[in-house]
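Encoded as structure tokens, the structure appears first; notes follow it.
The values are calculated or read from the model by the stated rules, or taken from the named source; none is laboratory data. Fair warning: this is a prediction, and the values are worked out from it, not measured in the lab. Here the Cβ positions follow ideal geometry from the backbone for every residue, glycine too, while neighbour counts run over all protein chains shown. Each accessible area value is taken on the protein alone, full model and side chains, heavy atoms only, with ligands, DNA and RNA left out. Shrake-Rupley method; radii C 1.70, N 1.55, O 1.52, S 1.80 Å.
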Amino acid sequence: MVKKHFVFQRGGGWYNYINLGRELRKERYDFVLDMQGLLRSAVLSRLANGKKTFGCADGREFSTFFYQCVGESSRKSKIHAIEKLLPFLDLFDVNKNNELTLAFPKSEQLSKFELQSYKSSKNILIFPESRRQEKVWSGFESLTKIINESSKASIWVGGSNKDQNFKNCVDLRGKVELRNLPWLIKQASVVISND
């Protein structure tokens, strides 16, 4: 199996978008999955040289014209993102009743941060930021205060922006590389994030 990744440059303009489509077209794929359901992702999924192309049945912006639809088509139904994407597993005969795990064998421990000294019986990891401001929940500081007052859990703060002050928390913002995140998440009892 050949592994390649292609980068979509958000805000890169038409030139970058068309070049990405050309790069995708050079390969041959058995399956192409558009799990976003927007026009720009649907067009790219169609440009990709796939034998079969599938996408979200509730796709917006006429995206559903570019692929075979999978899952619930009504946008009025309140469906969690995971439940929305689970029907894609049916395409590959994956049993959804089994626990689905992702393995990240190259995720490395954060030895330089000595997290062991901060660990307790409950480790709560929060990610209080999002790329878009309208997706940011304003209650993270209050939540950490409540948790600190009512439990002995250790609270770790992940991300990159230090625009909020989290007292009595282990602040890892800007210190954790992407490859270390799976290991960090596995150490947590609970993960709380936006979006």
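With the condition being open to solvent by 40 Å² or more (accessible area, probe 1.4 Å) and modelled with pLDDT of 85 or more, I'd like the strands (runs of 3 or more DSSP E) fully within region 120-195 carrying at least 2 qualifying residues. Before you say what the answer is, go through the steps one by one.
Values: elements: 123-127, 154-157, 190-193.
The strands (runs of 3 or more DSSP E) meeting that bar are 190-193.
On the basis of being on the phi < 0 side of the Ramachandran plot, modelled with pLDDT of 90 or more and surrounded by 15 or more Cβ atoms within 10 Å (Cβ to Cβ), does F113 make the cut? Quick ask: steps written out before the conclusion?
On the way: on the phi < 0 side of the Ramachandran plot: yes; modelled with pLDDT of 90 or more: no; surrounded by 15 or more Cβ atoms within 10 Å (Cβ to Cβ): yes.
Spelling it out, it is not the case that F113 is on the phi < 0 side of the Ramachandran plot, modelled with pLDDT of 90 or more and surrounded by 15 or more Cβ atoms within 10 Å (Cβ to Cβ).
Residues in region 155-166: is at least one at positive phi and either over 21 Å from the mean Cα position of the chain (by Cα) or touching a residue at least 60 places away in the same chain (Cβ under 8 Å) (or both)? Spell out the reasoning first.
Step one: of region 155-166, the residues at positive phi are 159.
Next cut, either over 21 Å from the mean Cα position of the chain (by Cα) or touching a residue at least 60 places away in the same chain (Cβ under 8 Å) (or both) only: none.
Taking every residue of region 155-166 in turn, none turns out to be at positive phi and either over 21 Å from the mean Cα position of the chain (by Cα) or touching a residue at least 60 places away in the same chain (Cβ under 8 Å) (or both).
Between a residue in region 9-33 that is outside any helix (DSSP H, G or I) and any residue that is surrounded by fewer than 14 Cβ atoms within 10 Å (Cβ to Cβ) and of a type in the set (S, T, N, Q), which pairs come within a Cβ distance under 8 Å, given they are 6 or more apart or on different chains?
K26/N49; E27/N49; R28/N49; Y29/N49
Answer yes or no as to whether S63 is surrounded by 11 or more Cβ atoms within 10 Å (Cβ to Cβ), without any contact (Cβ under 8 Å) to a residue 60 or more places away in the chain and touching an Asp or Glu at 6+ places or on another chain (Cβ under 9 Å). Quick ask: steps written out before the conclusion?
Details: surrounded by 11 or more Cβ atoms within 10 Å (Cβ to Cβ): yes; without any contact (Cβ under 8 Å) to a residue 60 or more places away in the chain: yes; touching an Asp or Glu at 6+ places or on another chain (Cβ under 9 Å): yes.
So S63 fits the description; yes.
Please specify each residue of region 81-98 satisfying the condition of being outside any helix (DSSP H, G or I), modelled with pLDDT of 80 or more and surrounded by fewer than 15 Cβ atoms within 10 Å (Cβ to Cβ).
L91, F92, D93
Each row is one residue, and each column tells you yes or no for (1) out of contact with any strand residue (DSSP E or B) (no Cβ under 7 Å at 6 or more places or on another chain); (2) surrounded by 14 or more Cβ atoms within 10 Å (Cβ to Cβ); (3) farther than 16 Å from L85 by Cα; (4) at pLDDT below 90.
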site: H5; (1), (2), (3), (4): yes, no, yes, yes
site: N16; (1), (2), (3), (4): yes, yes, yes, yes
site: E27; (1), (2), (3), (4): yes, no, yes, yes
site: G55; (1), (2), (3), (4): no, yes, no, no
site: Y67; (1), (2), (3), (4): no, yes, no, no
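I'm trying to understand the selection: among the residues of region 120-154, which are touching a residue at least 24 places away in the same chain (Cβ under 8 Å) and hydrophobic (A, V, I, L, M, F, W, C)? Show your work before the answer.
Of the residues in region 120-154, the ones touching a residue at least 24 places away in the same chain (Cβ under 8 Å) are 120-130, 135-137, 140-141, 143-144, 151-154.
Those that are touching a residue at least 24 places away in the same chain (Cβ under 8 Å) and hydrophobic (A, V, I, L, M, F, W, C): I124, L125, I126, F127, V136, W137, F140, L143, A153.
Conditions: (1) buried (at least 19 other Cβ atoms within 10 Å of the Cβ); (2) modelled with pLDDT under 90. V32 meets all but one. Number of the miss?
Every condition holds for V32 apart from (2).
From the list L33, L39, pick out the single residue that is touching a helix residue (DSSP H, G or I) at 6+ places or on another chain (Cβ under 9 Å) and under 29 Å from I185 (Cα atoms). I'd like the intermediate steps shown before the answer.
Working: L39 fails: under 29 Å from I185 (Cα atoms).
The match here is L33.
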